[in-house]
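Structure first, then comments.
Nothing in this text is a laboratory measurement; each read-out follows from the coordinates by a stated rule. These numbers come from a predicted model, not from an experiment. Cβ atoms come from the backbone with ideal geometry, glycine included; neighbour counts cover every protein chain shown.
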There are 4 protein chains.
Amino acid sequence: MCRFALYLGPPIVLDTLVTKPVNSIIHQSFHSHERKEPLNGDGFGVAWYVPELSPTPALFRSITPAWNNDNLLSLAGVTLSECILAHVRAASPGLPVTQTNCHPFTHGRYSFMHNGAIGGFDRVRRALLQSLSDEAFRAIHGTTDSELMFAMFLDHHKRLEAPEAAGAMALALEATIQQVVKAAEAAGVVEPSYLNLAVADGRRAVVSRFTSGAPAEAASLYVHEGKQYVCEEGLCRMVSPDVGRGAVLVCSEPLSQDEGWERVPPNQMVVVGDDRSVSLRACAPVPPGGA
Amino acid sequence: MCRFALYLGPPIVLDTLVTKPVNSIIHQSFHSHERKEPLNGDGFGVAWYVPELSPTPALFRSITPAWNNDNLLSLAGVTLSECILAHVRAASPGLPVTQTNCHPFTHGRYSFMHNGAIGGFDRVRRALLQSLSDEAFRAIHGTTDSELMFAMFLDHHKRLEAPEAAGAMALALEATIQQVVKAAEAAGVVEPSYLNLAVADGRRAVVSRFTSGAPAEAASLYVHEGKQYVCEEGLCRMVSPDVGRGAVLVCSEPLSQDEGWERVPPNQMVVVGDDRSVSLRACAPVPPGGA
Amino acid sequence: MCRFALYLGPPIVLDTLVTKPVNSIIHQSFHSHERKEPLNGDGFGVAWYVPELSPTPALFRSITPAWNNDNLLSLAGVTLSECILAHVRAASPGLPVTQTNCHPFTHGRYSFMHNGAIGGFDRVRRALLQSLSDEAFRAIHGTTDSELMFAMFLDHHKRLEAPEAAGAMALALEATIQQVVKAAEAAGVVEPSYLNLAVADGRRAVVSRFTSGAPAEAASLYVHEGKQYVCEEGLCRMVSPDVGRGAVLVCSEPLSQDEGWERVPPNQMVVVGDDRSVSLRACAPVPPGGA
Amino acid sequence: MCRFALYLGPPIVLDTLVTKPVNSIIHQSFHSHERKEPLNGDGFGVAWYVPELSPTPALFRSITPAWNNDNLLSLAGVTLSECILAHVRAASPGLPVTQTNCHPFTHGRYSFMHNGAIGGFDRVRRALLQSLSDEAFRAIHGTTDSELMFAMFLDHHKRLEAPEAAGAMALALEATIQQVVKAAEAAGVVEPSYLNLAVADGRRAVVSRFTSGAPAEAASLYVHEGKQYVCEEGLCRMVSPDVGRGAVLVCSEPLSQDEGWERVPPNQMVVVGDDRSVSLRACAPVPPGGA
């Protein structure tokens, strides 16, 4: 498994997310709190949006551990963004450690990351690949289950009647999750899937906390919202609990001891709107896992 | 395009192939003679067989250039093998530079490398992938046309009536080439494919020089056979022109100014048998491309 | 030898320097025009200043070739700066390819890069190292002659009576060059040194074109100044030849076919002031090389 | 701190040391038992001797973690040696993660590795560097305290009256340790040094367990000797407890649950002779630190 953090809000310097918090995403790369295996040393990645200069997100990924990457540390201090995705990876067995397999993945203006694994991926991979449009298929550059789900998301999103409407990304992510669940059922896979998926387009985002197995086993996910997220002398916190038009953090683990981190219930999605309003919705209208 | 070298013969130290010759595979990584673009700096790889210790080949690949890889230089001085494949890569546009995309590729006791490209790969890739058995599909860890052809070879080889018979590898490689040609025709691809493919199992090898376009445009390929290949004080040569039970080199370019390098005609395969006999055979009974 | 480019002027996007020009620094990494050996594939680096966010420059370096570095390409599209240093490296024989040996080097608010080599470095290295203050000695993280000269520069600069005065950086760079020349003479070194050195502090810069050997053998250096440097549809040029308060480029080779690139005479320094005025001054008041 | 393992004995396949044992050196790279911080993910290295092919050891090092290095895993399965040094690194704060800083270090026929750190290295480094002969100084390619001690060892060894005599390496290692202790005293350093140092020449080896601080705080070190070290189905053990002419392992931690691992007392050296006899001797005749 892996750890991730997503930020939407007033522009912050990257290191506010990546290095400064007590339990920053870099800290989680070698000392995760909420995982049995505390190590996420198989690469990392950061995607961020600079809408003034580019309609597509920037991407920095590496197969070396985040904790000793001087480029990341330097870059994080001079990069300002209002939409950031950061990820540290613990490679699933059998999936190679290459830069193309590091999260986040980006395509057009979308970026995507995953914490978890598709159960029995080996047995459903070909069916899922064959379901893709040529365009989505060509968007895949690596070999992970995660990037394949991103391609599925792109297809589901494109097929929506109103792909630009509020909630469209949530619909497409939900369809992606359901497709994985159905493909696993069709293939007779009994191992549960763990699908904490995050997708963003620079202004909006959706993050799921989903498992097709026992809900209590879903990988952890927290949301934190307020007016502005600041780090001063190592202490990171939301400066005001005011909700709305502010900042939103959605993370595998709380980044700080700040109050206000709320655990996302299993099989729910955190939907962050254009106005940075935060709402929850069920991951799937039909109970997943055949339950 | 890329450059490669294959050796079968009495055990030689790896550096006899990789560093010592005037035009060694490392030299070709930054100064290829027979290519318009002289640079092959997008990674390299070496596979070699140590049958006493392992039935499967060892593999060393890297995304950094061969010419400054200290590990390769050190390793090459202490590694003895009677079957070696070495490759320097110039990545085709759009194919990422990852370790899993570096040649050679290995599976079971087979190793494989490629110099060239499938014309219009983007338009035939999915059809070729779908043709694979589940086992061959799972053998793919990267995203190159080259590794996909290796998977196709594994399938064709397995389906042979006598996969262990002399000539079986040649039949499977021929079927692979024909399948590529047919898939390109079916997809209406007009760009020619360049398929200099090398496959070995530690005792035998087949290397094709093939193009579906104008034969004169086929990428270069040379064969050199004799009693023993030696490098002394920078001078590399076959110590005796005696044919049979000796050493065979099949290379994109001559490694040395030694006489005896023979140009392989276009659309022919070099077949090296168990006894290291060398023969040529046509790549395809049916004229490809122009048929 | 290596190739470098330095920019001071109105904020430009990094790719205006790194990827967009016909003869961009990336292009020079595999196809340098003005060097016998056209390849600079032993790593690269970029330093840039974002004074709003950090008093010290950001630094991105890598041991893989610039031409296939996806992180660099992505970063270059979203990074805006008014002071940029970019460098592609061809490692001097015996100097290892590590990230700490890649240029530019940074310390405090200074950044530094080098094209060339200290003649007989092996014989003068220890004396030069011993001349350093403890602080400058500790600023060294690698093993190159280049970084050692940066440490010497830091010492000479600190010892100036008015280190913040206009021209102070030029004085310190001149003292550095003289110290190298004297140390080589003292050690009986006859091989010439090639010292194209660039140092910047975010607002000002000095770049030398120096050799202790035959002046005609000095590595190439060009300066280009104007109002604003722009790249539109692959065509890069200064939009106005107006001098002053504009943009300055100092590069190993012209980045574009734009007129206005002027060759810097041997053993001269280009001094770029706070107001981006450009002046030349001799590298050394005393004729170097014992002449 | 780091973890290391040294083997001298009948030829074994590298993976017998590196991957197969329950607590192999790779396992220690992410799950060390006897350290507070269990992670050694800042690179690794292996040196091994193939005297038939080269008088100098081969060296394979990487800045990526050992646990996901496919090259290491492949190489380890086909490499046979009677003298192997393996090391996983947790970089000391401030020391960069570069390949040249990864252990082991090699020079001529000697190889060297270190677990620990020189106390107050920053304050004694220059004095120790200045003590070196030119030849030893030039043997340094990185910036670690460890490689500096190797250079000091080379000097002390060369100055011995009988550098080829039994015990000569132990004398030189002892002189190295004493020089560190004296330099630290001279510089007023109070932080203790931890100097578990291993040096080998392919036939003989010396490994120290030393601290200039409280002896109980010395980093762990174990020795294991017997007839032959074998790994069968994941179970690794010495096949016979017979001492002499057999195999010797000296490791930071036991590699297996096999009985026979003996803890080396603090401030002692394990000396392995030509005949693979094992003896202990005090690291320093004069009580260090507290003297």
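Working note: 222 nm ellipticity from helices only, DSSP H runs with n ≥ 4, each -39,500 (n - 2.57), summed and divided by the residues of the protein assembly as shown, gives -7000 deg cm²/dmol to the nearest 500. Sequence-distant contacts, meaning Cα pairs under 8 Å at least 6 residues apart, place the relative contact order of chain D at 20 percent.
Among C:ARG276, B:ARG3, sorting on how many other beta-carbon atoms sit within 10 Å of each Cβ, with the fewest leading, yields C:ARG276, B:ARG3. Specify the angular offset, from 0 to 90 degrees and rounded to the nearest 10, of the alpha carbon long axis of helix A:121-130 from the longest principal axis of the alpha carbons in chain A. Once rounded, the angle reads 80 degrees. Going by Cβ distance under 4.7 Å, what cysteines of chain D have no possible disulfide partner? Among the cysteines of chain D, those whose Cβ sits 4.7 Å or more from every other are D:CYS2, D:CYS83, D:CYS102, D:CYS251, D:CYS283. Residues A:SER277, C:SER62 in ascending order of nearby Cβ atoms (within 10 Å, fewest first): A:SER277, C:SER62. Near A:ARG61, once Lys and Arg are set to +1 and Asp and Glu to -1 for all other residues with Cβ below 11 Å from its Cβ, the sum equals 0. Cross-linked pairs C:LYS182/D:LYS182; C:LYS158/C:LYS182; A:LYS20/A:LYS227; D:LYS158/D:LYS227; B:LYS20/D:LYS158: Cα-Cα separations exceed 24 Å for C:LYS182/D:LYS182; D:LYS158/D:LYS227; B:LYS20/D:LYS158.
Largest mean-square fluctuation among B:GLU232, B:GLU217, B:GLU82, in a Gaussian network model of chain B whose springs join Cα atoms under 10 Å apart, belongs to B:GLU232.
The residue list A:VAL278, A:THR79, A:PRO65 was ranked by how far each Cα lies along the charge dipole of chain A toward its positive end, using unit charges on Cβ atoms, and A:PRO65 comes out on top. Of A:THR176, C:THR211, the sequence from fewest to most neighbouring Cβ atoms within 10 angstrom is C:THR211, A:THR176.
Think of each Lys and Arg Cβ as +1 and each Asp and Glu Cβ as -1; about the Cα centre, that makes the dipole of segment D:118-213 roughly 60 debye. For D:ALA127, the distances from its label point to the matching points in the remaining copies are 2.6, 7.2, 7.7 nm, ordered from shortest, with each point set 7 Å beyond Cα toward Cβ. In terms of its alpha-carbon gyration tensor, chain A comes out rounded; the largest-to-smallest axis ratio a/c stays below the 1.5 threshold.
Starting from the label point of D:LYS158 at 7 Å along Cα→Cβ, the same points in the other copies fall at 3.2, 5.9, 6.6 nm, in ascending order. Here the protein assembly as shown is assigned +1 on the Cβ of each Lys and Arg and -1 on the Cβ of each Asp and Glu. Its dipole about the Cα centre then comes out at about 0 debye. Cα axis of helix A:145-159 to longest principal axis of chain A: angle in degrees, 0 to 90, nearest 10? Taking the Cα atoms of chain A, the angle to A:145-159 is about 80 degrees. Dipole check for chain C: with +1 at the C-beta of Lys and Arg, -1 at the C-beta of Asp and Glu, and the Cα centre as origin, the magnitude is about 400 Debye. For A:ARG123, neighbours were defined as the other residues whose beta-carbon sits under 12 Å from its Cβ, and their charges (Lys and Arg +1, Asp and Glu -1) total -2.
Take A:ARG138, move 7 Å from Cα toward the beta carbon, and the resulting point lies 3.1, 5.5, 5.6 nm from the same point in each other copy, nearest first. Neighbouring Cβ atoms from other chains, within 10 Å of the Cβ of residues in D:72-84, number 4 on average.
Just want the answer: with Cβ charges of +1 for Lys and Arg and -1 for Asp and Glu, which residue in D:LEU195, D:PRO215, D:SER131 is farthest toward the dipole's positive end in segment D:115-265? Result: D:SER131. Classification of the protein assembly as shown by its C-alpha gyration tensor yields a rounded form. The axis ratio a/c (a ≥ b ≥ c) stays under 1.5. Anisotropy class assigned to segment C:43-183 is oblate, per the alpha carbon gyration tensor with a/c at or over the 1.5 cut-off and a/b no larger than b/c.
Partner shielding of C:49-55 amounts to 3, given as the average count of beta-carbon atoms from other chains within 10 Å of each residue beta-carbon.
Inter-chain neighbour count for A:58-68: the average number of beta-carbon atoms from partner chains within 10 Å of each residue's beta-carbon is 6.
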